[in-house]
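The values are calculated or read from the model by the stated rules, or taken from the named source; none is laboratory data. Note that the coordinates shown come from a computational prediction; the quantities given were computed from them, not determined experimentally. All Cβ positions, glycine included, derive from the backbone under ideal geometry; neighbour counts span all protein chains shown. Each accessible area value is taken on the protein alone, full model and side chains, heavy atoms only, with ligands, DNA and RNA left out. Shrake-Rupley method; radii C 1.70, N 1.55, O 1.52, S 1.80 Å.
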Amino acid sequence: MTKLSDKLEILADAAKYDASCASSGAPKRSSDGKDGFGATSGMGICHSYTPDGRCVSLLKILLTNFCIYDCQYCVNRRSSNVPRARFAVAEVVKLTTDFYFRNYIDGLFLSSGIIQSADYTMEQLVQVARELREVHQFRGYIHLKTIPDADPALIAAAGKYADRLSVNIELPTQTSVEKLAPEKSVHTIKLAMGAIRGKLDEKEAEPRSPRFAPAGQSTQMIVGADASDDQTILSTAETLYTSYKLKRVYYSAFSPIPQSPKSVPLAPPPMLREHRLYQADFLLRSYGFQAGELLPASGGNLALDIDPKLAWALSHREHFPMDLNLADQSMIARVPGIGLRNAKRIVELRRTRRVRYADLTRLRCSMKKVAPFIVVADYHPARDTTPSEALRQSLADAPQQMNLWPELKAA
């Protein structure tokens, strides 16, 4: 019989390839005056990140890495020669409660390979969440990975107990799914996303309706497992945000494993590519950019030497230098080196007086980036006619020898 510690080693390692585990967006839960444990603060779940940006404050495991599917990019595919293990429902519940009381975790991220059938697997995932909530009165964060082919009633039950649900689309095009994961269907995945959105819309329209995944839903796309470029990936992400109200799309650089099939690359993509996609995604979600502004419809990848907002500014010099005493707040936020918070502060400041160069310094704007793109009361850039390529060379990130990158947001 496999020891629980051995299972944990296998199934925690197998879960590391799923990046969609951040706990942001969870509602406040309080145990004050109630039985139970696992209360969270008003700021949500506290979590830390590994150097590559993945959340480690959750117990992040698979229920099992046995799987009836043979997705070519997946380490746990049916034909993969990896150690296998499977938790019982009671074992996951015990690990979660034990780890929480030891202050190791704030909650649980639970996914699984598909065993027997989609419905059977989903039933097992829901049972873990049900026992934690109803038997052990666990009030911490729970994120469940949903199985697209499962009965909608099971997905509805998952939303009753989980803070967030996710359905991983994995690849951005139907063609890639058909090639690398022929047992899956983009249509089925999107139907599951649509069902979750429907439940979320119902809850929003009728707040007194039963609880359903208050932290919303997310998904993941693998970068570099197929030939899809960044334009395709970002356009798919934009469609998912619009159509299914996803809270987040996560990006995971493809990691080749020993004895990988020839249908997938033998080498991983640059980790910096994943980092740039996260920056571009942040521009889509928070800055009002569209995928077509960051990359042309004809295709292509994001630049690796400069962040996406700087790349956009260098390609649209007609907007610059921008007078910060006249421009709209949304346009000020598009200036390289000025973030959303400082754009708001600049607009508030100019209600009382004209903005000056020293004000930007006090706001701790990234002045090296800002200076060529702005006009203020006492400053007009001497380099406003400098060719974009020369500006790019002067502002490009210094080369760095790094394997892992955190999910940083471009200012």
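When the charge dipole of the chain is built from unit charges on Cβ atoms (+1 for Lys and Arg, -1 for Asp and Glu) and taken about the Cα centre, the candidate among ILE142, SER166, VAL370 whose Cα reaches farthest toward its positive end is VAL370. Taken along its principal axes, the alpha carbon cloud of the stretch 117-246 reaches lengths of 47, 32, 23 Å, longest axis first. The rule of thumb for compact globular proteins, 2.2 N^0.38 Å, goes into the C-alpha radius of gyration of the chain 1.07 times.
Which of the aspartates and glutamates could a cross-linker span from LYS3 if the Cα-Cα distance has to be under 17 Å and same-chain partners fewer than 8 positions apart are dropped? Straight-line reach from LYS3, under 17 Å: ASP13, GLU91, ASP98.
Think of the stretch 124-206 as a dipole: +1 on every Lys or Arg Cβ, -1 on every Asp or Glu Cβ, centred on the Cα centre; then among VAL128, SER185, GLY198, VAL128 lies furthest on the positive end. Put simply, the stretch 62-112 fits an ellipsoid with semi-axes of 27, 11, 8 Å; these come from the alpha carbon gyration tensor as the roots of five times its eigenvalues, largest first. Using the Cα coordinates of the stretch 70-153, the gyration tensor eigenvalues translate into equivalent-ellipsoid semi-axes of 25, 16, 11 Å, sorted from longest to shortest. Taking each DSSP H run with n ≥ 4 as -39500 (n - 2.57) and averaging over every residue of the chain yields -10500 deg cm²/dmol at 222 nm. Largest accessible area first, the residues GLU131, GLU178 order themselves as GLU178, GLU131 under a 1.4 Å probe with ligands, DNA and RNA left out. Under the definition of Cα pairs under 8 Å and six or more residues apart, what whole-number percent is the relative contact order of the chain? Worked out over the chain, it gives 13 percent. Over all directions, the projected convex hull of the C-alpha atoms in the stretch 170-255 averages 6.0 nm² in area. Relative contact order for the stretch 103-192: 27 percent, from Cα pairs under 8 Å spaced at least 6 residues apart, divided by residue count. The slack in the chain from THR386 to GLU202, taken as 0.36 nm per residue of separation less the alpha-carbon distance, amounts to 60.9 nm.
How far, in degrees from 0 to 90, does helix 89-101 lean away from the longest principal axis of the Cα atoms of the chain, to the nearest 10? Roughly 50 degrees between the two axes.
At 1.4 Å probe size, with the rest of the protein present, what percent of the exposed accessible area of the stretch 127-284 is carbon and sulfur atoms? Roughly 55 percent, rounded to a whole number.
Partner lysines whose Cα lies under 30 Å from the Cα of LYS262, excluding those fewer than 8 positions away in the same chain, are identified as LYS7, LYS16, LYS60, LYS145, LYS179, LYS184, LYS190. Send over the Kirkwood Rh of the stretch 267-321, from the inverse of the averaged 1/r over different Cα pairs, rounded to one decimal Å. Evaluated on the stretch 267-321, it is 11.9 Å.
With all protein chains kept in place, the per residue accessible area of the chain amounts to 46 square angstrom at a probe of 1.4 angstrom. Could you work out the percent of alpha carbon pairs in the stretch 198-316 separated by over 17 Å, rounded to a whole number? For the stretch 198-316, the fraction of Cα-Cα distances above 17 Å is 61 percent. What the pair-distance distribution of the stretch 290-351 shows, using all Cα-Cα distances binned every 10 Å from zero, is 20, 48, 25, 7, 0 percent. Taking every DSSP bridge with both residues inside the chain, close to 15 percent are antiparallel. Shape descriptor for the stretch 255-389: Rg over Rh equals 1.10 (Cα atoms; Rh from the Kirkwood inverse mean 1/r). Taking the protein heavy atoms of the stretch 301-398 in the context of the full set of protein chains, the accessible area attributed to carbon and sulfur is 49 percent at 1.4 Å.
Rg and Dmax of the stretch 127-203, based on Cα coordinates, read 14.3, 45 Å. Taking the chain as a Gaussian network, where each spring joins two C-alpha atoms under 10 Å apart, which residue of GLU170, GLU206, GLU123 fluctuates the most? Ranking GLU170, GLU206, GLU123 by mean-square fluctuation puts GLU206 first.
Peptides 101-110, 246-255 ranked from most to least packed give 246-255, 101-110, packing being the mean of other C-beta atoms within 10 angstrom over each peptide's residues. Here is the list for the stretch 328-363: trypsin sites (Lys or Arg not before Pro) lying in DSSP coil, each with at most 10 other C-beta atoms within 10 angstrom of its C-beta, are ARG351, ARG353.
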